[in-house]
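The values are calculated or read from the model by the stated rules, or taken from the named source; none is laboratory data. Since the model is a prediction, treat every value here as computed from it, not as a measurement. Using ideal geometry, Cβ is built from the backbone for each residue, glycine included, and neighbour counts are taken over all protein chains shown.
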Amino acid sequence: MTLTLEEQDRVLDEVYEITRKVNRKIWFGIYLLSNYPKIRPIELINVKEGDIDLNLGFINISHNKERKPKILAITREDVELFKTFPRGLPDLYFFRHEKGPLAGKRFGKDLLYHYWKRACRNLGIEGVDLYGGTKHTTVRGMREYFRPDEIKKGTGIVSNKAFERYFQHEFEDELKIYRKRQEIRKTGKKLAKDFEGPKKDNLLKFQKKDGAEGGT
């Protein structure tokens, strides 16, 4: 099952409300899944700090199902959202726990799903899982604005060894779709104002572990 784009925004609002005091990266992860249908949840939580290039505006999805080079272009607005989080050393997972016994460890594979379902329950929405409520809902909603071939390209795999040289040209079709989703979405702009950027460029260092524990 899928939602309307307006319903998707309502769920994102609710996710934000129930996670902002726990770890705002939980909301941010689900927001990214709804804005960038090209990336899968398991790929997202395996992104490391060193995979994110905010100068060029891309994420290298090094851990992916296809086992091929996969680059995700991100909009300027989302680059700014990334900048509100303290930076960590390159080998740290970006989506990691911030405090408690799991501090520094990667999000478990079901963590985002858990909070998505909890937000849906709070709103009385049933039968819509994380995948249907993010990727499938966004792709379906974009049909009103783009041709099928444009959507296919914008949500598919992009492999380009010289991506730095051809970046703006190669990824413009993808970014066109992502920008349109942001135009429709009012939630992202509102929540961006709620984010306080780091007071200084903190480098965090934790013991490196590749476990996939859940929890909060």
Matching entry among Leu81, Leu72, Leu44 (being within 25 Å of Leu5 (Cβ to Cβ) and touching a Leu at 6+ places or on another chain (Cβ under 8 Å)): Leu44
Residue among Gly141, Gly188 that alone is modelled with pLDDT under 80, surrounded by 13 or more Cβ atoms within 10 Å (Cβ to Cβ) and not in a loop (DSSP other than H, G, I, E, B): Gly188
Residue tally, condition surrounded by fewer than 20 Cβ atoms within 10 Å (Cβ to Cβ) and under 16 Å from Leu44 (Cβ atoms), over the stretch 96-129: 6
Filtered residues of the stretch 85-112 (kept if within 14 Å of the chain's Cα centre (by Cα) and more than 22 Å from Pro37 (Cα to Cα)): Phe85
Given (1) at pLDDT below 95; (2) in a loop (DSSP other than H, G, I, E, B); (3) surrounded by fewer than 13 Cβ atoms within 10 Å (Cβ to Cβ), number of the condition Glu164 does not satisfy: (2)
Positions within the stretch 65-101 being closer than 20 Å to Thr19 by Cα, out of contact with any Pro (no Cβ under 9 Å at 6 or more places or on another chain) and hydroxyl-bearing (Ser, Thr, Tyr), in sequence order: Tyr93
Options Asp173, Asp149; residue that is loosely packed, with under 13 Cβ neighbours inside 10 Å, assigned to a helix (DSSP H, G or I) and modelled with pLDDT of 55 or more: Asp149
